[in-house]
Amino acid sequence: MAPIVDGLESRYAGQVVVKRIDAHADPSAGQYGVSAYPTYIFLDSTGAEIERQVGGNPARLEAGFQKAAAAH
Amino acid sequence: MICPRCGAETSEMSAQCEWCGAAVARPAAPPQAGPPPGSPGMPPGPSPGEWYPHQGPPAWQGGPTGPVARPPSSGGGGGPWYTRPWPYIVAIILVIAVIGLVFVFARGSKARPDMVVAGKPTLLDFYTNT
């Protein structure tokens, strides 16, 4: 999924920022209740959760990018 | 009473003298104190000495006293509160408002502005290397 995320990041550059978090090294995975990987959590500009996706689904991931960009 | 003819004392209940047989006039009933006829207060009842059939239970038994006139309600519409729609509408609105507040508060409490990069919508990509 990493190449797909990289491509979407380039496409939505300036609108959506991607923050990669190593779940084993960062405690924020536990704070968000993440238990399966990969997990994608879209936040709006205030930090509120917009959407959460568990598992790799390119189409859903792109839809999440669109939703997050619209929430800007 | 005293017989006007023979001066003997006669019975109160007798119309004639028990000694000489003369008619004895009973004195007129003294006027009773109380409200004049037609005045509010005691309803017109039987004259003294009369009796009338008892109607209903005695007052000390607390029997039904008949319909009681209710004071006019100031709210209008009549009837108790639970027969009107407004209390239910207000209750529903309050419940919706409380649920909305809880939802907004829960969402706001989950907000993590420290995770936002450059003040823009951010995707948190949780991954593992294993």
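Close amide H contacts of B:Ala22 (hydrogens built in the peptide plane, cut-off under 5 Å, sequence separation of 5 or more or a different chain): B:Cys17. Based on protein heavy atoms only, chain A ends up with 49 Å² per residue of surface accessible to a 1.4 Å probe. Using a 1.4 Å probe over protein heavy atoms, the accessible area lost on pairing A with B, summed over both chains, comes to approximately 2600 Å².
Against the main long axis of the alpha-carbon atoms of chain A, helix A:2-11 sits at an angle near 40°. Applied to the stretch B:4-9, the Karplus parametrisation 6.51 cos²θ - 1.76 cosθ + 1.60 on θ = phi - 60° returns per-residue 3J(HN,Hα) values of x, 8, 9, x, 7, 7 Hz, with x for Gly and Pro. Taking amide H as placed 1.01 Å from N in the peptide plane, A:Ile21 has its amide H under 5 Å from the amide H of B:Asp125, B:Phe126, B:Tyr127, each at least 5 places away in sequence or on another chain.
The values are calculated or read from the model by the stated rules, or taken from the named source; none is laboratory data. This structure is a prediction, so every number in the text was calculated from the model and none was measured. When the accessible area is computed, the model is the full protein with side chains, heavy atoms only, and any ligands, DNA or RNA have been set aside. Shrake-Rupley method; radii C 1.70, N 1.55, O 1.52, S 1.80 Å.
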